[in-house]
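Novice: Could you have a look at this structure, given as structure tokens, before my questions?
The values are calculated or read from the model by the stated rules, or taken from the named source; none is laboratory data. From a predicted model like this one, the values you see are computed outputs, not experimental measurements. Quick reminder, even Gly has a Cβ in these numbers, built from the backbone with ideal geometry, and neighbours come from all protein chains shown. All accessible areas refer to the heavy atoms of the entire protein, side chains included, with ligands and DNA or RNA removed. Shrake-Rupley method; radii C 1.70, N 1.55, O 1.52, S 1.80 Å.
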Amino acid sequence: MPISKQAVEELDRRRASATVGGGPKKIEARHTKGLWTARERLDSLFTPGTFQEFGLHAQHESRQFGMEGKDLPGDAVVTGVGFIDGRPVAAFSQDFTVAGGSLGSMHAEKLSLIMDHAELSGVPVIGFNDSGGARIQEGVSALSGYGQVFNRNVRLSGVVPQIAVISGPCAGGAAYSPALMDFIIMIRGGSEMFICGPEVIRGVTGQATSKDEIGSADVHASVSGNIHFVADSEQDAVDIVRRLLSYLPANNMSEPPHVITPELDLGDDPGMDDILPESGKVPFDVKDVITRLVDPDSFLEVQRDFAKNIVVGFGRIAGMVVGFIANQPKEMAGCLDIDASDKGSRFIRFCNAFGIPIVNLVDVPGFLPGVRQERGGIIRHGAKMLFAYGATTVPKITIIMRKAYGGAFLAMCSRDMGADIVLAWPTAEIAVMGAEGAVNILYRGDLEKAEDRAGRSRELADEYRAHFASPYISAGKLFVHDVIKPSETRSRISLALRTLLTKRETRPPKKHGNIPL
Ligand SMILES: CCC(=O)SCCNC(=O)CCNC(=O)[C@H](O)C(C)(C)COP(=O)(O)OP(=O)(O)OC[C@H]1O[C@@H](n2cnc3c(N)ncnc32)[C@H](O)[C@@H]1OP(=O)(O)O
């Protein structure tokens, strides 16, 4: 039987009323604040015409607290699958114009449906979070809904990439779904995220605070370290999602999107030979090194404003996707501290989960000394770096640029910690500790008696450096595969990557390791 005109009209009518969300007034209120609606976000994310919506006609079933007969289009969330740069991606976008984007049972079922679909079809999940949290009228059913979503976030972790955009409020338990995903992008000015808001904090602790102080994008980017990117606008957030996806495979069984250049890249970069300052004590910016190593404009820094003493991010070398973990000599002399260890180890584990080769750039004088660090648990946090590298099977290339001292060098992936190839620049210092520290311990008596203590200390330190810290000593013991000129670094990494893309490494079966947390 052909489809009747009435049936088509009925479908059109239902579609129109479901897609209007909370209505023109509420949409206007969002626009006045410079915010987009749930559908506008998805329209901007996906290639036009490619979005297949799931659950447009979903209805809530709650009857209490005035909910009987209330129309909540789509139950306050839009879900479905679309295409970005020709690749399928699943997404949900909470609709604040409908009941404040609050999560009830049907809303949670829609999120579960799209996440299950992403798992089965092996595609990334993008979630726009804009919600007042658990729908108060649905009580524990809403709470249970969050449980179902969190459980799926964990199930999908390491299976498909999960990216959260915080586009509006994100309070209480609602913050935990983004926190369980791989990357969080927050929009400056338009969003906030906290577990307990200012009112609760004041009521319980007496402390006065503001939403900005505890939950703004800038606070989470630079102080708490909860998020990975700050966007200046809705469009900027979408652009960051698309850029991030361009480095990621669809799932843990697929290859990252390498675009390997047909020719081998064997040229030198002479400018790199001048990149280190004359004195080993003068800082330099490791991002200048990264910029010279990667294909033009291909470096995407992750967590730029948090733990600046370590730099992490994605880039391409001769078209191959890599993750960088680099000490930053400009900040705290590149020492590893608690925050840097947390930041570095999580990024390493992401790269490993999704088959992304890792390049380590080392200039590390040690773990940061200090009472706060020791009492704060630097042992357990620093151990995360060791654990993360030790458990990682993706290709790993370590470049020792300058200092590689003690346990911190092992925590930056020495050969023993699993680096497949270790290359050192000619003036690198690879040692159990810095030369000055070593002579102070070894020659304490001599130095106390010396007429020119400083001069004698320098002399002994030079001797120690020549005997123990030279890269040729490590190369002689095969701890370093080769000593290279800085100008050769890019071509050597690109060759190494090409030979390592076929790497296969298996480990004894186990449920999972027990990373120090
Ligand atoms: C897992 C456990 C949890 O999630 S517990 C967390 C429960 N949620 C909360 O405590 C947050 C409650 N909501 C709020 O504080 C505010 O609505 C926030 C999110 C800050 C937004 O404020 P504002 O921009 O002024 O909007 P508004 O209050 O006028 O809200 C717009 C409409 O949305 C509704 N709404 C909001 N949150 C919920 C909720 N959790 N459950 C049910 N409805 C909610 C508001 O009632 C309001 O509805 P209406 O437009 O007046 O019909």
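Novice: For Lys25, all conditions in the list (1) exposed (fewer than 13 other Cβ atoms within 10 Å of the Cβ); (2) part of a loop (DSSP other than H, G, I, E, B) hold save one; what is the number of the exception?
Specialist: Lys25 satisfies every listed condition except (2).
Novice: Being more than 15 Å from the ligand (Cβ to nearest atom) and open to solvent by 10 Å² or more (accessible area, probe 1.4 Å) is the filter here, so list the residues in the stretch 175-187 that pass it.
Specialist: Asp182
Novice: Now a separate question. Looking at (1) more than 11 Å from the ligand (Cβ to nearest atom); (2) of a type in the set (Gly, Ala, Ser); (3) out of contact with any Asp or Glu (no Cβ under 8 Å at 6 or more places or on another chain), which one does Ala99 not meet, given that it meets all the others?
Specialist: For Ala99, the exception is condition (1).
Novice: What number goes with the only condition from (1) in a helix (DSSP H, G or I); (2) open to solvent by 20 Å² or more (accessible area, probe 1.4 Å); (3) in contact with a Ser or Thr (Cβ under 9 Å, 6 or more places away or on another chain) that Gly382 does not pass?
Specialist: The one condition Gly382 does not meet is (2).
Novice: Restricting to the stretch 471-491, name every residue that is open to solvent by 50 Å² or more (accessible area, probe 1.4 Å) and either touching a Leu at 6+ places or on another chain (Cβ under 6 Å) or part of a loop (DSSP other than H, G, I, E, B) (or both).
Specialist: Result: Lys477, Leu478, Phe479, His481, Asp482, Lys485.
Novice: Determine whether the stretch 412-432 contains at least one residue that is among the hydrophobic types (A, V, I, L, M, F, W, C), more than 22 Å from Tyr389 (Cα to Cα) and surrounded by fewer than 18 Cβ atoms within 10 Å (Cβ to Cβ).
Specialist: no
Novice: So which residues in the stretch 363-378 are touching a residue at least 40 places away in the same chain (Cβ under 8 Å) and farther than 27 Å from Pro426 by Cα?
Specialist: Result: Ile378, single match.
Novice: So in the stretch 57-74, with the set limited to residues that are near the ligand (Cβ under 10 Å from one of its atoms) and over 19 Å from Gly21 (Cβ atoms), which one is least open to solvent (accessible area, probe 1.4 Å)?
Specialist: My answer is Gly66.
Novice: Within the stretch 102-111, how many residues are within 15 Å of the ligand (Cβ to nearest atom) and outside any loop (DSSP other than H, G, I, E, B)?
Specialist: Restricting attention to the stretch 102-111, the residues satisfying the condition of being within 15 Å of the ligand (Cβ to nearest atom) are 102-108, 111.
Filter once more, keeping what is outside any loop (DSSP other than H, G, I, E, B): 103, 105-108, 111.
Adding up the residues that qualify gives 6.
Novice: Could I ask something else about it? Is there any pair linking a residue in the stretch 160-172 that is under 22 Å from Glu119 (Cα atoms) to one that is among the basic types (Lys, Arg) and open to solvent by less than 10 Å² (accessible area, probe 1.4 Å), with Cβ under 9 Å and at least six apart or on different chains, and which?
Specialist: Within 9 Å, the pairs are Val165/Arg41.
Novice: Applying the selection to the stretch 291-330, what residues are acidic (Asp, Glu), touching a residue at least 12 places away in the same chain (Cβ under 8 Å) and farther than 17 Å from Phe350 by Cα? Steps first, please.
Specialist: First pass over the stretch 291-330, keeping only residues acidic (Asp, Glu): 295, 297, 301, 305.
Now restrict to residues that are touching a residue at least 12 places away in the same chain (Cβ under 8 Å): 295, 301, 305.
If the condition is that a residue be acidic (Asp, Glu), touching a residue at least 12 places away in the same chain (Cβ under 8 Å) and farther than 17 Å from Phe350 by Cα, then Asp295, Asp305 are the ones that fit.
Novice: If we scan the stretch 359-373, do we find a residue that is open to solvent by 40 Å² or more (accessible area, probe 1.4 Å), out of contact with any helix residue (DSSP H, G or I) (no Cβ under 7 Å at 6 or more places or on another chain) and not β-branched (Val, Ile, Thr)?
Specialist: Residues of the stretch 359-373 open to solvent by 40 Å² or more (accessible area, probe 1.4 Å): 365, 367-369, 371-372.
Cutting the leftovers down to out of contact with any helix residue (DSSP H, G or I) (no Cβ under 7 Å at 6 or more places or on another chain) gives us 369, 371-372.
If we keep only those that are not β-branched (Val, Ile, Thr) as well, we get 369, 372.
Yes, some residue in the stretch 359-373 is open to solvent by 40 Å² or more (accessible area, probe 1.4 Å), out of contact with any helix residue (DSSP H, G or I) (no Cβ under 7 Å at 6 or more places or on another chain) and not β-branched (Val, Ile, Thr).
Novice: Which residues, counting only those in the stretch 120-165, are within 13 Å of the ligand (Cβ to nearest atom) and among the charged types (D, E, K, R)?
Specialist: Asp130, Arg135, Glu138, listed by residue number.
Novice: Which is within 14 Å of the ligand (Cβ to nearest atom), open to solvent by less than 40 Å² (accessible area, probe 1.4 Å), in contact with a Cys (Cβ under 8 Å, 6 or more places away or on another chain) and at pLDDT below 95, of Gly190, Gly168, Gly197, Gly172? Outline the logic, then answer.
Specialist: Numbers: Gly190 fails: in contact with a Cys (Cβ under 8 Å, 6 or more places away or on another chain); Gly168 fails: in contact with a Cys (Cβ under 8 Å, 6 or more places away or on another chain); Gly197 fails: in contact with a Cys (Cβ under 8 Å, 6 or more places away or on another chain).
Residue meeting the stated conditions: Gly172.
Novice: Could you tell me whether Leu35 is within 16 Å of the ligand (Cβ to nearest atom), open to solvent by less than 100 Å² (accessible area, probe 1.4 Å) and either within 15 Å of Val78 (Cα to Cα) or assigned by the TED database to the domain that holds Ala90 (or both)? Steps first, answer last, please.
Specialist: Values: within 16 Å of the ligand (Cβ to nearest atom): yes; open to solvent by less than 100 Å² (accessible area, probe 1.4 Å): yes; either within 15 Å of Val78 (Cα to Cα) or assigned by the TED database to the domain that holds Ala90 (or both): yes.
The answer is yes for Leu35.
Novice: Looking at the stretch 293-346, which of its residues are of a type outside the set (A, V, I, L, M), open to solvent by 10 Å² or more (accessible area, probe 1.4 Å) and not in a loop (DSSP other than H, G, I, E, B)?
Specialist: Scanning the stretch 293-346 gives Glu301, Arg316, Asp339, Asp342, Arg346.
Novice: Tell me, which residue of the stretch 75-96 that is touching a helix residue (DSSP H, G or I) at 6+ places or on another chain (Cβ under 9 Å) and outside any strand (DSSP E or B) is nearest to the ligand (Cβ to nearest atom)? Don't jump to the end; show me each part of the working.
Specialist: If we filter the stretch 75-96 for residues that are touching a helix residue (DSSP H, G or I) at 6+ places or on another chain (Cβ under 9 Å), which is where we start, we get 75-82, 84-85, 87-96.
From the residues that got through so far, the ones that are outside any strand (DSSP E or B) too are 75-76, 85, 95-96.
Numbers: Asp75: 12, Ala76: 9, Asp85: 33, Asp95: 10, Phe96: 7 Å.
Restricting to residues being touching a helix residue (DSSP H, G or I) at 6+ places or on another chain (Cβ under 9 Å) and outside any strand (DSSP E or B), the top hit is Phe96.
Novice: What is the number of the single condition among (1) within 23 Å of the chain's Cα centre (by Cα); (2) open to solvent by 30 Å² or more (accessible area, probe 1.4 Å) that Gly206 does not meet?
Specialist: Single failed check for Gly206: (1).
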